[in-house]
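See structure below.
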Amino acid sequence: MKEIEKLRNGDYYKVFDEEIGALHQKAADLCQRFNATSVNDEEKRVELIHRLFGSCGKNVSIKPGFFCDLGVNIHVGDNFLTNYNVSILDMAEVNIGDDVWIGPGSGIFAVEHPMEAKGRRAALGIAKPVKIGNCVWIGGNVSITMGVTIGDNAIIGAGSVVTHDIPANAVAVGNPARVIKYIDNNE
């Protein structure tokens with residue numbers, strides 16, 4: 001089985017595979033071009049993001065300092081906003097709903113490496129999808145790990161590390177993030 005197939009199946013794969021490396025290179029080039037494009041050239045920035053992402057809705061605003069692994073696994077809805085220096089390591093699908101805001105310095109990591117040193121010496125990785133619902137607010141310097149789902153209307157406090165699912169309408173903070181309260185989102 002090819003390494004890209006292992007990756008897509010959620011199995012351990014060799015990180016330095018040539019085919020995976022070519023996808024990385026394409027995304028790195030598009031990220032570099034995006035980050036070098038003037039914030040005043042909105043048309044060009046939008047065009048580059050549409051080329052980079054698997055899909056994106058209307059009113060997508062991404063500040064400079066954006067980086068990703070492949071890009072094609074990122075799917076964002078309408079009214080998506082990232083602040084400065086956000087990274088999305090999308091070795092697996094990262095699906096983000098409508099009206100999601102991500103604070104500066106945050107990262108979504110849909111990939112990790114083995115706990116055992118032997119697996120790291122073999123340069124293995126494994127990826128699991130991340131899903132973020134609608135109307136989610138992610139504070140600055142938040143880390144979201146692979147396999148996590150965050151429900152609609154949730155708020156993730158600044159500096160939190162999300163290692164497990166967060167339900168809808170929850171406010172979660174800390175390392176690891178834990179729910180501290182629920183908010184009424186009846187409009």
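Figures for the structure shown
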item	result
Tally, over segment 103-162, of residues that are of a type outside the set (Asp, Glu) and not in a loop (DSSP other than H, G, I, E, B)	27
Close pairs (7 angstrom Cβ cut-off, 6 or more residues apart or separate chains): at negative phi in segment 21-36, open to solvent by 60 Å² or more (accessible area, probe 1.4 Å) anywhere	30/51; 31/67
Pairs with Cβ under 8 Å, 6+ apart, first in segment 144-164 and at positive phi and at pLDDT 95 or above, second open to solvent by less than 40 Å² (accessible area, probe 1.4 Å) and among the β-branched types (Val, Ile, Thr)	147/130; 153/136; 159/142
Residues of segment 49-65 classified as buried (at least 19 other Cβ atoms within 10 Å of the Cβ) and over 21 Å from residue 9 (Cα atoms), total	4
Only listed residue being acidic (Asp, Glu), more than 24 Å from residue 134 (Cα to Cα) and open to solvent by 30 Å² or more (accessible area, probe 1.4 Å), chosen from 99, 29, 78	29
Lone unmet requirement of (1) within 25 Å of residue 55 (Cα to Cα); (2) at pLDDT below 95 for residue 186	(1)
All positions within segment 154-167 that are buried (at least 20 other Cβ atoms within 10 Å of the Cβ) and of a type outside the set (A, V, I, L, M)	160
Members of segment 128-146 that are surrounded by 19 or more Cβ atoms within 10 Å (Cβ to Cβ), under 12 Å from the mean Cα position of the chain (by Cα) and farther than 16 Å from residue 86 by Cβ	146
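The values are calculated or read from the model by the stated rules, or taken from the named source; none is laboratory data. Just so it is clear, the model here is predicted, and its values are computed rather than measured. Cβ: placed from backbone, ideal geometry, glycine included. Neighbour counts: every protein chain shown. With ligands, DNA and RNA removed, areas are computed over all heavy atoms of the protein, side chains included. Shrake-Rupley method; radii C 1.70, N 1.55, O 1.52, S 1.80 Å.
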